[in-house]
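Everything below concerns the one structure shown next.
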Amino acid sequence: MKKSKGLLSILILLLLAVIVSAARAEILSIPVEVRDGAVFVSVRINANNVTLLLDTGASNTIVDPKAVGVAEAGLVHSAFLAEGHTNVSVAVIKLDLQIGKAKFIVPVVMDKLTVLQTRFGNKVQGLLGNDVLTQFKSVTISYQTKTLELSR
């Protein structure tokens, strides 16, 4: 009898811990646009509203400098990205990025993205990469409700 009461107490405590943990998790629900199987997210970068293609395969967030008010002459920082077997020098600037209520300062790769804009049109100003997505515990895309759910 004592063992079953002790076991029941432990189970109740575990259940309460799960409930408290779930209550603490903040889930941001971000509306997205879905076109041709691609997911587009509206974000704010340095107080500019921009539309980014959600790219879970991209290590870094990449943005057209004109879309966020950065003069190309000001692009002096660089990092090297592996493009196949070639190293490519790119400009990287730390910018304020806001997605829903979540705010970050992230190093953003600056690129004109002409191929991306040719494919999807000028409404797309960049890629939302894993440097931002990995700031969340989970990332869920709902094609049915056209939302991106970000859990913190």
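For ILE30, are the conditions met, namely being on the phi < 0 side of the Ramachandran plot and at pLDDT 90 or above? Yes. So, of the residues in the range 116-129 that are open to solvent by 30 Å² or more (accessible area, probe 1.4 Å) and outside any helix (DSSP H, G or I), which turns out to be modelled with the highest pLDDT? Selected residue: GLN125. Here PHE104 meets each of (1) over 17 Å from GLY37 (Cα atoms); (2) of a type outside the set (Asp, Glu); (3) over 11 Å from the mean Cα position of the chain (by Cα) with one exception, condition (3). How about the range 52-64: which of its residues are open to solvent by less than 30 Å² (accessible area, probe 1.4 Å) and either acidic (Asp, Glu) or more than 12 Å from the chain's Cα centre (by Cα) (or both)? Within the range 52-64, VAL63, ASP64 qualify. Taken together, the residues in the range 105-115 that are crowded, with 16+ Cβ neighbours inside 10 Å and within 25 Å of LEU28 (Cβ to Cβ) amount to 3. Look at (1) of a type outside the set (Asp, Glu); (2) open to solvent by less than 20 Å² (accessible area, probe 1.4 Å); (3) over 23 Å from GLY69 (Cβ atoms) and you find that LYS146 fails only one, number (2).
Within the bounds of the range 65-83, is there any residue that is open to solvent by 30 Å² or more (accessible area, probe 1.4 Å), modelled with pLDDT of 90 or more and within 26 Å of PRO31 (Cβ to Cβ)? No, the range 65-83 has no match at all.
If I filter the range 34-44 for residues that are in contact with a Leu (Cβ under 9 Å, 6 or more places away or on another chain), open to solvent by 100 Å² or more (accessible area, probe 1.4 Å) and either part of a strand (DSSP E or B) or at pLDDT 95 or above (or both), do I get at least one hit? Within the range 34-44 (the criterion being in contact with a Leu (Cβ under 9 Å, 6 or more places away or on another chain), open to solvent by 100 Å² or more (accessible area, probe 1.4 Å) and either part of a strand (DSSP E or B) or at pLDDT 95 or above (or both)), the answer is no, since none of the residues qualifies.
The values are calculated or read from the model by the stated rules, or taken from the named source; none is laboratory data. The model shown is predicted, which means the values in this text are computed figures rather than measured ones. Ideal geometry is used to build each Cβ from the backbone, glycine not excepted, and the neighbour counts take in all protein chains shown. Note: accessible area is taken over every heavy atom of the protein model, side chains too, but ligands, DNA and RNA are not part of it. Shrake-Rupley method; radii C 1.70, N 1.55, O 1.52, S 1.80 Å.
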